[in-house]
Amino acid sequence: MSSPKIFVIGNPLLDISSHVDMELLNKYELTLNNAILAEDKHLPLYKELVENNKVEYIPGGAAQNTARVAQWMLKDKQTVVYSGCVGNDENAQILKSNTEANGVVTKYLVNAEKPTGACAVLINSKERSMCTNLGAANEFKIAHLETEEMQSIIKSVEYFYMAGYFLTVSPDSAQMLAKHAADNNKTFLYGLAAPFLIEVPFFFERVSALLPYVDIVFANENEAVVLGRKMNWGEDIAVIAEKLAAWEKVNTKRSRTVIFTQGPESTIVFQDGKLSQFKPVKVASEEIVDLNAAGDSFCGGFLAAYSQGKDIETSVNAGHYGAWEIIRQNGCSFPNKQPDT
Ligand code: 26A
């Protein structure tokens, strides 16, 4: 394999995606533009979805989407390594073959006791609600990162990416990678991922413990406001970006950069005491298939450019391009062509 450059860790999930009526969301008390962990009351949803609706099975998992988009946009393949825990089943094979088809090196931990994780993606008017049953993804253990093979990969990469979701599973693994990045002046990139990680104190403790190690934070405007409220920074996302950039940081050799996307509106970036705004290319509404994985693919495009030493503006534009391609497809799937960059 080429020398790995980027290490991504997360919950490998198979998305069960379906266009549904609001009735189904209401029945399971699910809201659009949200992602939650399934509780017992949600478990019948998966069977009901498959039995009563036309569903599509699409590889998912927020960070795995980011890894796939980053590698799709990078010319040198096998430079992105992805890890997480899957079951020993057919769904794991689907995830592995799709992710490797994009050139990503997969280093899954396999847990034969649990099924590969699944995410019900309920789409209504292009917006979506996600309900995740983690299954095997929840069984990731730090010991997997302590093997000689994984340690050698971790030592050789320069960039780490994680979405907040993984903090529900193995916060000690996240801490280990983040500390390695800080100790070696490598870049640790992190997506806030979903409101529940900020709102639920049990999870926010883990987020707060990780943030001091984070060099680049991504969020959408909704997550940014939830964070602003939690930290008593108000609801103005420019102010929240500035406060977050200045918040406690372990590796002082790098300042923290904060990047907030706002759907079709300008992405705001706070870096080195300065606020900048970058407008995404407009996507005609009739071209949008679904907005699932828009944020993940923004991070993937950004990571591809940034890991090649590009400046923030070029990297943000690469993020916009990644999202532009993916929202015109079903879920996180790729147009049948090479990227335009
Ligand atoms: C722990 N949770 C809730 C999750 C997720 C998740 N990925 C990891 N952990 N809930 C939803 N997703 C993924 O988010 C992508 C869209 O941004 C879905 O699998 C979907 O592909």
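Taking N as the residue count of the chain, its C-alpha radius of gyration divided by 2.2 N^0.38 Å amounts to 0.92.
Accessible surface for E286 stands near 150 Å², nearest 10, in the context of the full protein assembly shown (1.4 Å probe).
For the pair R328 and V200, the difference between a 0.36 nm per residue extended length and the Cα-Cα distance amounts to 42.8 nm.
A helix-only calculation puts the chain at -11000 deg cm²/dmol for mean residue ellipticity at 222 nm, using -39500 (n - 2.57) for each DSSP H run of at least four residues, averaged over all residues.
In this structure the chain gives 42 Å² per residue of accessible area when probed at 1.4 Å with all protein chains present. Is there a pair in K141/K249; K114/K282; K41/K282; K141/K310; K5/K253; K155/K282 whose C-alpha atoms are over 32 Å apart, and which pairs would that be? Beyond 32 Å between Cα atoms: K114/K282; K41/K282; K141/K310; K155/K282.
Legend: calculated FRET efficiency, S266 to S125, from the Cβ-Cβ distance at R0 = 22 Å, rounded to 0.05, equals 0.40.
Using 1/(1 + (r/R0)^6) with R0 = 35 angstrom and r between the beta carbons of L275 and A112, what's the FRET efficiency to the nearest 0.05?
With R0 = 35 Å, the Cβ-Cβ based efficiency is 0.10.
Applying 0.36 nm per residue to the separation of N53 and D40 and subtracting their alpha-carbon distance, the gain on full extension is 2.6 nm. Highest mean first, the peptides 300-312, 256-268 sorted by other C-beta atoms within 10 Å per residue fall in the order 300-312, 256-268.
May I ask you to give the percent of accessible area on the chain that is carbon plus sulfur, with a probe radius of 1.4 Å? Percent of accessible area from carbon and sulfur atoms in the chain: 48.
Put simply, when 208-215, 128-135 are sorted by average Cβ atoms within 10 angstrom per residue, most first, you get 128-135, 208-215. Charging the Cβ of each Asp and Glu at -1 and of each Lys and Arg at +1, and nothing else, the dipole of the stretch 13-77 about its Cα centre rounds to 400 debye. For the listed residue pairs K126/K230; K75/K107; K107/K186; K27/K279, the alpha carbons are over 31 angstrom apart in K27/K279. Spin-label model, D183/V289: points 7 Å from Cα along the beta carbon direction are separated by 4.4 nm. Maximal additional length on extending the N336-K253 stretch stands at 25.8 nm, based on 0.36 nm per residue less the C-alpha distance. With the charge dipole of the stretch 264-326 set up from +1 on Lys and Arg Cβ and -1 on Asp and Glu Cβ about the Cα centre, the Cα lying farthest toward the positive end among the listed residues S307, G319, P264 is that of S307. Take every DSSP beta bridge with both residues inside the stretch 211-278 and express the antiparallel ones as a percent of the total, to the nearest 5. If we restrict to bridges inside the stretch 211-278, about 65 percent are antiparallel.
The values are calculated or read from the model by the stated rules, or taken from the named source; none is laboratory data. The structure presented is a predicted model; accordingly, all values stated were derived computationally and were not measured. In this analysis, Cβ positions are derived from the backbone assuming ideal geometry, glycine residues included, and neighbour counts consider all displayed protein chains. These area figures cover heavy atoms from the full protein model, side chains too; ligands, DNA and RNA do not enter into them. Shrake-Rupley method; radii C 1.70, N 1.55, O 1.52, S 1.80 Å.
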